[in-house]
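Trainee: One structure, as structure tokens, below. Some questions next.
The values are calculated or read from the model by the stated rules, or taken from the named source; none is laboratory data. Model, not experiment: these values are computed from the prediction. Here the Cβ positions follow ideal geometry from the backbone for every residue, glycine too, while neighbour counts run over all protein chains shown.
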Amino acid sequence: MGAGVKEKSFRNGANPFWAALLIVVAIAWLAGDRSVFGDFPSGYSFTAIIFSTMMLAFAWLGAIRPVVKAGPSGVVVTNPLDTRRISWNEMEGFRVESQLVIVLASGAQVRCWAVQPARAALMTGRRSWVHDVIDELEKMRDSYRTPPGTSAPQPPS
């Protein structure tokens, strides 16, 4: 990207904590396995390896991988199992449900796992950090959206 053009990343702040916790539990489970101390193989060893692998996979897919990146060309939504690139012109609006939802001009919706409101704010209807993310994305969309009849994105003012 050129000078002065910033790409912004949005991710739930609690995700690194939960990922670290799952990784620590998985490693502790394996370290406490009897096979580490010379009693290999045992049925318990296989179970510990399977469940630890599942915890590590869940930490990666559910807490580390999801992110929303916004830049001049649009938004890249990385969810656990897929990645979507959406140009600013394709976006109609944004909505908050149990996670950020990007509404496309075609009527389709893209859910963003990385941006979720706090449950307390969701239950009480209060504003949460997700609304700040939406405000930021709307400013970027307004700055970078290509007016009809032109092909280059407009620089922010």
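Trainee: Among the residues of region 70-83, how many are closer than 23 Å to THR146 by Cβ and either of a type in the set (Gly, Ala, Ser) or surrounded by 17 or more Cβ atoms within 10 Å (Cβ to Cβ) (or both)? So that I can check it myself, show each step before the final result.
Mentor: To start, the set of residues in region 70-83 that are closer than 23 Å to THR146 by Cβ comprises 70-77, 83.
This time we only want the ones that are either of a type in the set (Gly, Ala, Ser) or surrounded by 17 or more Cβ atoms within 10 Å (Cβ to Cβ) (or both), so: 70-75, 77.
Total satisfying the criteria: 7.
Trainee: Got a sec? Which of SER98, SER73 is within 25 Å of ARG127 (Cα to Cα), of a type in the set (Ser, Thr, Tyr) and modelled with pLDDT under 95? Step through it out loud before you land on a result.
Mentor: Details: SER73 fails: within 25 Å of ARG127 (Cα to Cα).
After applying the criteria, what remains is SER98.
Trainee: Right, another one. From the residues in region 10-47 that are assigned to a loop (DSSP other than H, G, I, E, B) and at pLDDT 75 or above, which one is nearest to the chain's Cα centre (by Cα)?
Mentor: Going through region 10-47, the residues assigned to a loop (DSSP other than H, G, I, E, B) turn out to be 11-14, 32-33, 38-42.
This time we only want the ones that are at pLDDT 75 or above, so: 11-14.
Numbers: ARG11: 5, ASN12: 7, GLY13: 10, ALA14: 11 Å.
Filtering first and then ranking leaves ARG11.
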